[in-house]
1. Only one residue in Ala122, Ala76, Ala85 is within 28 Å of Thr169 (Cβ to Cβ), part of a strand (DSSP E or B), open to solvent by 30 Å² or more (accessible area, probe 1.4 Å) and modelled with pLDDT of 95 or more. Which one?
2. Residues that are under 21 Å from Ala160 (Cβ atoms) and in contact (Cβ under 8 Å) with a residue 60 or more places away in the chain: does the range 69-83 have at least one?
3. Out of Ala153, Ala177, Ala161, which single residue is in contact with a strand residue (DSSP E or B) (Cβ under 8 Å, 6 or more places away or on another chain), at negative phi and modelled with pLDDT under 85?
4. What tally of residues in the range 215-244 results from selecting those that are aliphatic (A, V, I, L, M) and either at positive phi or modelled with pLDDT under 95 (or both)?
5. State yes or no: is Glu49 touching a Phe, Trp or Tyr at 6+ places or on another chain (Cβ under 9 Å), at pLDDT 70 or above and at positive phi?
6. Keeping to the range 235-274, report how many residues are touching a Lys or Arg at 6+ places or on another chain (Cβ under 6 Å) and surrounded by 16 or more Cβ atoms within 10 Å (Cβ to Cβ).
7. Mind counting the residues in the range 245-272 that are on the phi > 0 side of the Ramachandran plot and touching a His at 6+ places or on another chain (Cβ under 8 Å)?
8. Scan the range 245-257 and tell me whether some residue there is over 23 Å from Ala158 (Cβ atoms), of a type in the set (Asp, Glu) and part of a loop (DSSP other than H, G, I, E, B).
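The values are calculated or read from the model by the stated rules, or taken from the named source; none is laboratory data. Because the structure is a prediction, the values reported are computed rather than measured. Every residue, glycine among them, receives a Cβ derived from its backbone with ideal geometry; neighbour counts consider all protein chains shown. When the accessible area is computed, the model is the full protein with side chains, heavy atoms only, and any ligands, DNA or RNA have been set aside. Shrake-Rupley method; radii C 1.70, N 1.55, O 1.52, S 1.80 Å.
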Amino acid sequence: MPSLKRSLICIVWFLLALSVEHASAQGGALLGYFRQPAISAESIVFVAEGDIWRAAIAGGAAQRLTTHAGEESNPAISPDGKWVAFTARYEGPAEVYVMPIAGGAPTRLTFDGDNARVQGWASNTKVLYNSARYSDKPNARLYTVDTKTRTVAALPLADAAEACYAGATLIFTRQSANSDNLKRYEGGLAQKIWLWNSQSEAQPLTADYKGTSRQPMCGAARIYFLSNRDGTINVWSMNIDGRELLQHTKLQDFDIRSASIFVNAQSKTETIVYQ
C-alpha cells in the first residue's frame, strides 16, 4: 500500500481561535457548544445554537448560514464543496434540506414525515440519509435523494443507519447510534460496521469486537471510524476488508462525539475534523 499523508484537525483549535477573536473585539470570552462538524477543502461547517455555521479552516469569524427558529443538525458538505445538506425541523418532522455553502435559502428535499437524518453525500447531486419512515420502527433504512429532481431511492439493506461510499462500495453500520450516556457498551445494540456492494451480500467488518464501531468515513484507501476499543471513543481506521487496524487519536477523558473527513482527490491526503 502506498504511504498516505494524514492530518487530524481538532475542532477545539478552530473554536478557540474564534473565541479569542470575539473576545478581543467584544472585551469578553465567547462561550458556546459547538458540535457535528463537517469539513471540505477550505471550510468547516458546524452546529451551534440550533443553527448551521461556516468558518474557514484557517480560523477567523464564523458565518451563520441559517437563522430559522427550527432546529438544524447533521450538516454534510458535498464532494465539490459547493453545497451543504442538513436535517431541519422547519415544519415539525425532521427532513432533509440543502443550501449553498456560501449561504442562501434552504431547499427541502424529503417529505417523509419522520426522522430523516443526513449521513453524507453519494455524489455531488445525491444526498445520503436514513429514515424510519418505511421500515420497521425503530430500525432505520438508508436512502439517497436527488438534489435536482428530489427522486428518492431506497438502498436494499435492512436496519442500516450511518454510511459512506468507497467508490461503488457502501460502508455502513447496523443499528442507529445509542445514547451518549452509554460507556463501554457491549450489548446487542452495539453498532457494527459492514460492507456492501450490489454484486454480493453484506459482510461484517468489525464483528471481532463486541463494543461500538460507528460513523464510518471513507478515505483514499482506508475506512476511518469511531470506536471505544481502548475504553474511550477515538478515531480508528482499517483496510476496506476490515484488516490492519490503526488508532489515530488517543483521548482518555472524553469521547469523540462526531467526525467528518475530507479527501483531496489529487494529493490523496486526508483531513479529519472531530468534536
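1. Unique residue meeting the criteria: Ala122.
2. Yes, some residue in the range 69-83 is under 21 Å from Ala160 (Cβ atoms) and in contact (Cβ under 8 Å) with a residue 60 or more places away in the chain.
3. Ala177
4. Matching residues across the range 215-244 total 4.
5. yes
6. Going through the range 235-274 one residue at a time, the tally reaches 2.
7. Of the residues in the range 245-272, 0 are on the phi > 0 side of the Ramachandran plot and touching a His at 6+ places or on another chain (Cβ under 8 Å).
8. Yes - at least one qualifying residue is present in the range 245-257.
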